[in-house]
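Any read-out appearing in this document is the output of simple, stated calculations on the displayed coordinates, not a laboratory observation. Computed from a predicted structure; not experimentally measured. In this analysis, Cβ positions are derived from the backbone assuming ideal geometry, glycine residues included, and neighbour counts consider all displayed protein chains.
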């Protein structure tokens, strides 16, 4: 039986943590559970310490973001000779046979570096909305019960140790959002496949998106993350040309906005041009590390 480590990153996750951890303890295949807490200010850590003594809890003194916190757990797992590492969101939980089915699918299909279960919403009445979009847009049937995809979000990833050794950890250039896209790009670059095992399931009680007006900062961050995912994609060439064109485009857009009195668009585009220019050395370093890992 392969040794499986589960990494759960928490941040103020009291409303979900019992369902998440109890489901892991009820797994048909025993697992080693590591929780990395991103400096929660609710009772998450206290609850874990009092109710889940077998769980190893690492308390960060600051919010490291999704990727960097997972990196701590992945590093611990690899040091302890993990053969498979399962990343699970704090707001998700598994069925007793989920991990068993994921392990079996990876044994049968060693060409896959990541295998994800099927994602239902929190009450199990429908497919998770975002997950459905990945299925519809990026996947194709590979074999019975297995779909190959170019991306599935990291709410529930089973990774092989070989894939982690070859691909590395999450890139610290991303803080929160985009890091799973980047990792998937690097997995594919290293000639692994990404799959979805439809027989294995999780329930993901994500906070539903509310159609609210985004702030100026939120708009800037969203556009910048999308840019960064594209610029750091080692499967694409011509990143310098892409970056310089984006800087020029945002500068032109900011000029057009100021002369037409659209102050918010002016600030958004000017800030994006500055952020991209300042990020160029890190993008270069990110791509180099991804290629030479």
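Some notes on this structure:
- Most fluctuating residue given options 206, 56, 245, as computed from a GNM of the chain linking Cα atoms under 10 Å: 245
- Kirkwood's formula applied to the C-alpha pairs of the range 216-292 gives a hydrodynamic radius of 13.0 angstrom.
- Helix 129-138 axis versus longest C-alpha principal axis of the chain: approximately 80°, rounded to the nearest ten.
- For the range 270-293 versus the range 214-229, the inter-centroid distance based on Cα atoms is 16 Å.
- GNM top mover of 24, 270, 101 - the chain, alpha-carbon springs below 10 Å: 270
- Spin-label pair residue 111-residue 142: with each label point 7 Å from Cα along the Cα-Cβ axis, the two points sit 0.8 nm from one another.
- DSSP beta bridges in the chain [antiparallel fraction, %, rounded to 5]: 45
- In degrees, nearest ten, helix 65-79 long axis to first principal axis of the chain (Cα): 40
- Structure remark: mean-square fluctuation, Gaussian network model of the chain, C-alpha springs under 10 Å; the largest value among 240, 33, 202 belongs to 240.
- For the range 166-187, the residues whose backbone nitrogen is under 11 Å from a point 7 Å from the Cα of residue 289, taken along Cα to Cβ, are 168-174.
- Ranking of 25, 50 by count of other Cβ atoms within 10 Å, fewest first: 50, 25
- Projected label distance in nm at residue 230 and residue 217, using a 7 Å step from Cα toward the beta-carbon: 2.5
- Helix 14-25 vs. the chain, principal-axis angle (Cα, 0 to 90°, nearest 10): 50
- Potential extension, residue 199-residue 54 segment - 0.36 nm per residue separation minus Cα distance: 49.4 nm
- Of (i) 1.05; (ii) 1.13; (iii) 1.77, the label for Cα Rg over 2.2 N^0.38 Å derived from the coordinates: (i)
- Mean-position separation - Cα centroids, the range 16-38 and the range 85-158, in angstrom: 17
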